[in-house]
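Presented below is the structure to which this report refers.
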Amino acid sequence: MSEPVIAQKAPFPVEVEEGKTYYWCACGKSAKQPFCDGSHKGSEFAPVAYKADKTGKAWFCGCKHSAKGALCDGTHSKL
Ligand code: FES
Ligand code: FES
C-alpha cells in the first residue's frame, strides 16, 4: 500500500448539507481539496463517500492519514 500525499497537515472546514454525499480525496493529489477530482486514476486509491447527517461545518482530513477516513481525527498533529 503506498502512502497518500499529504495535501495539508490540517483539516479543511466545509459547510455540508444534510443528506448530501461528498467524495473525499484519499490520495491527496486532487487540486480540489478536500474532494476528489479524479487525479487518483491509475493509483490504488479511490475516493471515500461521506454522507452528511446534518447541515453545518464538517472538518475533512487534509493530511489523508486520519483513522476516521474522510474526517479529521487529530492524526495530522503527529505527522
Ligand atoms: Fe484523490 Fe480522487 S483525486 S481520491
Ligand atoms: Fe488529517 Fe487531521 S487533517 S487527521
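Going from the fewest other Cβ atoms within 10 Å to the most, the residues Trp24, Trp59 appear in the order Trp59, Trp24. Based on the convex hull around the alpha carbon atoms, the chain presents an average projected area of 4.8 nm².
Please give me the summed charge of the neighbours of Phe12: other residues whose Cβ is under 13 Å from its Cβ, Lys and Arg +1, Asp and Glu -1.
+3
Each Cα pair under 8 Å and six or more residues apart adds its sequence gap; the mean of these over the residue count of the chain is a relative contact order of 38 percent.
With the simple model of a label 7 Å out from the Cα in the direction of the Cβ, Thr21 to Ser77 spans 3.3 nm.
Charging the Cβ of each Asp and Glu at -1 and of each Lys and Arg at +1, and nothing else, the dipole of the chain about its Cα centre rounds to 120 debye. Comparing Val5, Trp24, Gly69 along the charge dipole axis of the chain, the residue lying farthest to the positive side is Val5, per the Cβ-charge model. Summing charges over all other residues whose Cβ lies under 10 Å from the Cβ of Thr75, with Lys and Arg as +1 and Asp and Glu as -1, gives +3.
The residues neighbouring Tyr23, those whose beta-carbon lies less than 15 Å from its own, together hold a net charge of +4 under the Lys/Arg +1, Asp/Glu -1 convention.
Since every read-out is calculated from the coordinates, none of them should be taken as a lab result. Small disclaimer: the values here were computed from a predicted structure and weren't measured. Quick reminder, even Gly has a Cβ in these numbers, built from the backbone with ideal geometry, and neighbours come from all protein chains shown.
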